[in-house]
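Have a look at the structure below, then the notes.
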Amino acid sequence: MTRTAGTVVIDCFRGSLDRYTRGYAIVAVDVIRATTTAITAAALGRRCFPAPTVAAARQRAAQLERALLVGEVGGDKPAGFDMTNSPAALARRTDVERPMVLVSSSGTVLLHHAQACGPVYLACFRNARSLAPRLAGRFARIAVLGAASRGEFREEDQMCCAQIAAQLVETGYEPEDGATHDLIRRWSDAPPDAWLESNSVAYLRRCGELSDLAFIRQHRHDLPTAFRLQSGEVVAA
């Protein structure tokens, strides 16, 4: 019998990670927009600290010098925050020496809970292709988790998760369940912009935040770096 490299599972985080509390490396995906924003910050050399709530974000920012408060809750920028959860706007800033504290409705909540499970990596379209080769062979079980937006496993996150899982399967990993197999199959031959039917995209268009949509589409597979959460900070792995 051929021995597999391990197993990979795709799932959507909806408030509980009980299934993955032991033996899994976690890959957190929130393309629109938390993991794209966090990865963009770290790639630019800015320190980034995800927080699960506005209160936690304020508390963390108070411990840092000239912290930049970034994020949204329910689509709205919290009072007193410097900017919303926008990778495009963040990329235009020149004050990279200011550490960033990031909060979002779902992505940073996923990151917070995932820390209790095992090693946590971040992914978006920018580094989806470069991450899998760095995980393959290091972990026997890998869970690639999309952050639910209003309870939905959005198309952009499905595609990103499937890209990572498909590469792991190519290296010898087995899909852990039928849903993972189906998602890999669904997105393997999909056009690059098939995710544009997502409700997240509709939200960006409705709110006039087209710069973020353009940024995500233009910055695809352009980072060769893996990023992980280490002691509450996003760092290059």
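The values are calculated or read from the model by the stated rules, or taken from the named source; none is laboratory data. Fair warning: this is a prediction, and the values are worked out from it, not measured in the lab. With ideal geometry, Cβ positions are generated from the backbone for all residues, glycine too; neighbour counts draw on all protein chains shown. SASA here: full protein model, heavy atoms, side chains in, ligands and nucleic acids out. Shrake-Rupley method; radii C 1.70, N 1.55, O 1.52, S 1.80 Å.
Among residues of segment 165-179 that are closer than 16 Å to Asp11 by Cβ, those with a Cβ under 8 angstrom from a residue that is part of a loop (DSSP other than H, G, I, E, B) and open to solvent by 40 Å² or more (accessible area, probe 1.4 Å), sequence gap 6+ or separate chain, pair up as Leu168/Ala5; Tyr173/Thr4; Tyr173/Ala5; Glu174/Thr4. Residue check: Asn127 meets all listed conditions (1) open to solvent by less than 10 Å² (accessible area, probe 1.4 Å); (2) under 17 Å from Thr21 (Cβ atoms); (3) of a type outside the set (Phe, Trp, Tyr) but one, namely (2). Restricting the search to helices (runs of 4 or more DSSP H) fully inside segment 158-237 and requiring at least 3 residues that are within 16 Å of the chain's Cα centre (by Cα) gives 210-218. Selection over segment 138-155 of residues that are closer than 19 Å to Glu72 by Cβ, open to solvent by 40 Å² or more (accessible area, probe 1.4 Å), charged (D, E, K, R) and part of a loop (DSSP other than H, G, I, E, B) gives a count of 1. Against the list (1) in contact with a Leu (Cβ under 8 Å, 6 or more places away or on another chain); (2) without any contact (Cβ under 8 Å) to a residue 40 or more places away in the chain, the condition Asp212 fails is (2).
Considering the conditions (1) more than 22 Å from Glu156 (Cβ to Cβ); (2) modelled with pLDDT under 95, Asp76 is excluded by exactly one of them, (1). What are the residues in segment 57-82 that are open to solvent by less than 30 Å² (accessible area, probe 1.4 Å) and either over 19 Å from the mean Cα position of the chain (by Cα) or on the phi > 0 side of the Ramachandran plot (or both), if any? Across segment 57-82, the qualifying residues are Ala61, Ala67, Leu68, Gly71, Gly75, Pro78, Phe81.
Looking only at segment 129-164, how many residues end up being within 12 Å of Asp11 (Cβ to Cβ) and of a type in the set (Asp, Glu)? Going through segment 129-164 one residue at a time, the tally reaches 1.
Within segment 34-56, the set of residues being among the hydroxyl-bearing types (Ser, Thr, Tyr) and open to solvent by 60 Å² or more (accessible area, probe 1.4 Å) comprises Thr53 only. Any idea which residue in segment 85-99 is surrounded by the most Cβ atoms within 10 Å (Cβ to Cβ), counting only those that are under 30 Å from Pro192 (Cα atoms) and hydrophobic (A, V, I, L, M, F, W, C)? Selected residue: Leu90. For segment 100-124, filtering for residues that are among the aromatic types (Phe, Trp, Tyr) and surrounded by fewer than 24 Cβ atoms within 10 Å (Cβ to Cβ) leaves 0.
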